[in-house]
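Step one of this worksheet: look at the structure below.
The values are calculated or read from the model by the stated rules, or taken from the named source; none is laboratory data. Quick caveat: nothing in here was measured; it's all calculated off a predicted structure. FYI the Cβ positions are ideal-geometry reconstructions off the backbone, even for glycines, and counts take in every protein chain you see. For accessibility, only protein heavy atoms count, side chains too; no ligands or nucleic acids. Shrake-Rupley method; radii C 1.70, N 1.55, O 1.52, S 1.80 Å.
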Amino acid sequence: MAYEFPEGWRFRMTGWRKFFILVFLVAVGVMIYRLVYGLGAATHLNDQWPWGWWIAVDVLIGVALAGGGYSTAFLVHILHRKQFAPVARAALLTSMLGYILVLIGLFMDIGRWYNFWRPFLVYPGSWHSVLFEVFWCISLYTMVQVLEFGSIVFERVKSDWLKRVFDAMLPPLFILGVVLPTLHQSSLGSLYVVTVDRLDPLWWSIALPIFFLLSSFFVGPAMVTLEGSLAAKAYGRQMEIPVLSRLVKVGAWVMFIYLVLKLIDLGYRNQFGHLFDGSLESNLFLLEIVGGVIVPMIMFAIPSVRNSAGGLITASVLTVGGVILNRMNVVFTGMAAAMGGHYFPKWTEFMVTAGLIALAVLAYCFLVENFAILPAEEHVPAGKPSEAHTSYTVVG
Amino acid sequence: MKGVLVDITRCVGCGSCVVACKLYNNLPWSNAPHLGKDAVLTADNWTVVKEFDVSKGKESVWRFVKEQCFHCLEPACASACFAAAFRKTPEGPVIYNERVCVGCRYCMIACPFSIPKYEWQARFPRVQKCQMCFYRVKDGEMPACVSVCPAGALKFGDRDALLKEAKERIAQNPGRYVNHVYGEKEYGGTCWLYLSDVPFEQLGFRTHVSTESIPHVSERVTKWTLPVAGGWAAVLTALYLATKGSGGAEKSH
């Protein structure tokens, strides 16, 4: 091992962390209230809006933003692009935490939660359901990530034979760890294929699964960048700008493919007129595409922009914002005309999401400070391609 | 396959069908209106009679539309459910099994007619909708609502025969009906069929909709799942092995 682990477990308490613990504890209270008294008591969901904030944010946006895990894993572990290795463990960690939150969020949203395990059984015809596939893939992928993480855990928790077992599992896990996200990232889009002639045609397309997949892939580098910049700030480190700059360049190419396919799709379905008709739908769609795809794509394409921390972070914020807006538009904006009625989340709905995010931040801090997640700084000289072998450091 | 033909021109809006439904299915009388302009389907209102004030030619007329589950030939709710809580029976009714329901509410998103409703105030809510009195239909009886209609607006029978009769009524009464049987082709066809003398879009029906069933639309993408999974796994394995010599970056030592 290239580094020494300190004795014992550490968790540095700061004012912010106390705040996050408080937020999480309040959310736990709200979650218990919701599970005991039901969805009607804890949410503003109704017959017109059976899906709301939790599905949009905790599930659809949560899974998309966790896309940094599989897109980085694809580059590092499948294509063996070792120049991206320094960010691979951090990407795996945030993705794994993201999926655990998604599963908790999903559990909060199901009305008859004691039946949560039912879809694991195969009933006649249940495999035709898009949700069946989404549920299986997300659950399995969360397990795959936990097993991948086992290899990191047993460096710290000294057990040579367990470390060997987990390492031996890695190659098939790497394959599964890309196949499963490919399936469920796209299937989350397929969920809305059933809303044909209800979801606004700017978003409804038989190609929805492809758009959801591509956007979850290109949001990956942007999320890895933002997480990296936050970690750099929190731990007084240098951002991995040369690595991230190359990563977002890959993202920019995927954004370009996404954009071209979007335009072909809109043209094929004769929606260019609708695009500029000034309706709320068209304006939000343009905001999503111009502000969330075209502008950051151009920024990522310009070397001087993507090689500066400011440019990199700004374009990443726009990309992430664009994907968030896209999922919101599918769930809310695009369905509003067909569904009618009103929905605005109750404070308890926001509180659960805030609590889950607080839990993720706290777990991230603990894991980064006690396990080898972030690369050792001296091995990544600024402006130079990183070393073939990445070594890691424990920070905090 | 059984069905019901609703002739809107014969409905007088008495609401007997609603009462029969409530009694047979033991549903509570809630605050949500079950008759009139504001009538709305809810977890307790499996059927309602909705009033529409429309103009027909020069005169202004009242029309009453009985709303309930259409009992699709290929139901979206059943194909969307990942626990198989909905089932299309050979007799026609699309029925719900609360025992296996997880409560995800994807059926409510998937239904093109927005029929399934939810017991929002319950601790463990059920999805609720018209079951077309499955146990009556299975025994060869007509649904409760049909059995009490005093105006002859509802007719129970084999769907094929009802469709034929609907077309005959249109042909034999020139000018009485709009030339459309709602439910014949909408989203692949439904067990409940409607005849009307005013255009359906004025009566709250969703018109100009797909004639392809929702499960069929969904199948256009889900059929790729296994081929993509298998093909992609093979491609990834090949890429993994082909590029393996170029590094071995995943080890930290």
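Some notes on this structure:
- Largest accessible area first, the listed residues A:H342, A:H184, A:H44 line up as A:H342, A:H44, A:H184 when surface is computed with a 1.4 Å probe on the assembled protein chains.
- Total formal charge among the other residues, if their Cβ is under 13 angstrom from that of A:L284, Lys/Arg +1 and Asp/Glu -1: -3
- The distance separating the Cα centre of region A:114-183 from that of region B:182-233 comes to 34 Å.
- Potential lengthening of the chain between A:D167 and A:V295 amounts to 42.0 nm, from the contour at 0.36 nm per residue minus the alpha-carbon distance.
- Per-residue [θ]222 nm for chain B (sum of -39500 (n - 2.57) over DSSP H runs n ≥ 4, rounded to 500): -8000 deg cm²/dmol
- Between region B:74-146 and region B:1-21, the Cα center-to-center distance that results, in Å: 20 Å
- Overall, the ratio between the Cα radius of gyration of region B:2-203 and 2.2 N^0.38 Å, rounded to two decimals, is 1.01.
- With a 1.4 Å probe rolled over the protein heavy atoms of all chains, the accessible area of A:F20, A:F116 falls in the order A:F116, A:F20, largest first.
- Annotation: B:C101 carries an accessible surface of approximately 10 Å², with a 1.4 Å probe and no ligand, DNA or RNA atoms counted.
- Average accessible area per residue (Å²) across region B:2-203 - probe 1.4 Å, nucleic acids and ligands excluded: 41 Å²
- Compared with its chain on its own, region B:177-224 contains the following residues whose accessible area drops by 10 Å² or more in the full protein assembly (probe 1.4 Å; ligands, DNA and RNA excluded): B:Y187, B:R206, B:S210, B:I214, B:V217, B:S218, B:E219, B:R220, B:V221, B:T222.
- Computed over the alpha-carbon pairs of the protein assembly as shown, the distance histogram in 20 Å steps reads 18, 46, 26, 9, 1 percent, short to long.
- A 1.4 Å probe run over the protein chains yields, for chain A, 39 Å² of accessible area per residue, whole-number rounding.
- Relative contact order computed over chain B (Cα-Cα under 8 Å; 6+ residues apart), in percent: 24 percent
- Here the label points at A:N270 and B:W62, each 7 Å from Cα along the C-beta direction, are separated by 4.1 nm in the simple model.
- For the pair B:V54 and A:Q48, label points projected 7 Å from Cα toward Cβ lie 2.2 nm apart.
- Cα centroid separation, region A:9-78 to region A:304-367: 11 Å.
- Highest-fluctuation residue, A:G62, A:G251, A:G150 considered, GNM on chain A with Cα pairs under 10 Å: A:G150
- Expressed in Å, the radius of gyration and Dmax of the Cα atoms of region A:215-285 are 17.3, 52.
- Chains B and A together, accessible area buried on both sides, 1.4 angstrom probe, square angstrom: 5700 Å²
- DSSP beta bridges in region B:2-203 [antiparallel fraction, %, rounded to 5]: 80 percent
- GNM result for chain A, Cα springs below 10 Å: residue of A:D160, A:D58, A:D200 fluctuating most strongly: A:D160
- Dividing the summed -39500 (n - 2.57) terms of all DSSP H runs of n ≥ 4 by the residue count of chain A sets its mean residue ellipticity at 222 nm at -20500 deg cm²/dmol.
- Each of A:Y268, A:V323, A:T353 was scored by the projection of its Cα onto the charge dipole of region A:255-385, and the greatest displacement toward the positive side belongs to A:Y268; charges sit on the C-beta of Lys, Arg, Asp and Glu.
- Residues along region A:202-223 losing 20 Å² or more of accessible surface when the other protein chains are present rather than the chain by itself (probe 1.4 Å): A:I206
- Test item: B:116-126 mean partner chain Cβ contacts at 10 Å: 6
- Partner chain coverage, peptide A:333-345 - average Cβ within 10 angstrom: 1
- One quarter of the surface of the convex hull around the alpha-carbon atoms of region A:46-149 equals 7.9 nm², the direction-averaged projected area.
- Dividing the mean sequence gap of close Cα pairs (under 8 Å, 6+ apart) by how many residues chain A holds gives a relative contact order of 29 percent.
- Basic side chains Lys and Arg get +1 at the Cβ, acidic Asp and Glu get -1 at the Cβ, and with that the dipole of the protein assembly as shown about its Cα centre reaches some 440 debye.
- Accessible surface, 1.4 Å probe, highest first, among residues A:W16, B:W29: A:W16, B:W29
- Averaged over the residues of peptide A:146-152, the number of Cβ atoms from other protein chains lying within 10 Å of each residue's Cβ is 1.
- Near B:L41, once Lys and Arg are set to +1 and Asp and Glu to -1 for all other residues with Cβ below 10 Å from its Cβ, the sum equals 0.
- For the listed peptides A:117-123, A:254-260, a ranking on the average number of other beta carbons within 10 Å per residue, highest first, reads A:254-260, A:117-123.
- Of the residues in region B:54-92, those shielded by at least 50 Å² of accessible area once partner protein chains are present, compared with the chain alone at a 1.4 Å probe, are B:F82.
- Burial ranking of peptide ranges A:358-367, B:171-180 (average Cβ count within 10 Å, highest at the top): A:358-367, B:171-180
- Burial ranking of peptide ranges A:305-314, B:57-66, A:238-247 (average Cβ count within 10 Å, highest at the top): A:238-247, A:305-314, B:57-66
- Carbon and sulfur %, accessible surface of the protein assembly as shown computed with the full protein complex present, 1.4 Å: 65 percent
- B:A151-B:Q172 pseudo-label distance in nm [points 7 Å out on the Cα-to-Cβ vector]: 2.1 nm
- Globularity ratio of region A:144-210, using Cα Rg and 2.2 N^0.38 Å: 1.75
- Shape class of region A:1-94 from the Cα gyration tensor (axes a ≥ b ≥ c, square roots of the eigenvalues): oblate, since a/c reaches 1.5 or more and a/b does not exceed b/c.
- Two-decimal log10 I(q)/I(0) for region A:291-358, as the Debye equation yields it once each C-alpha is a single scatterer, q = 0.17, 0.21 Å⁻¹: -0.78, -0.89
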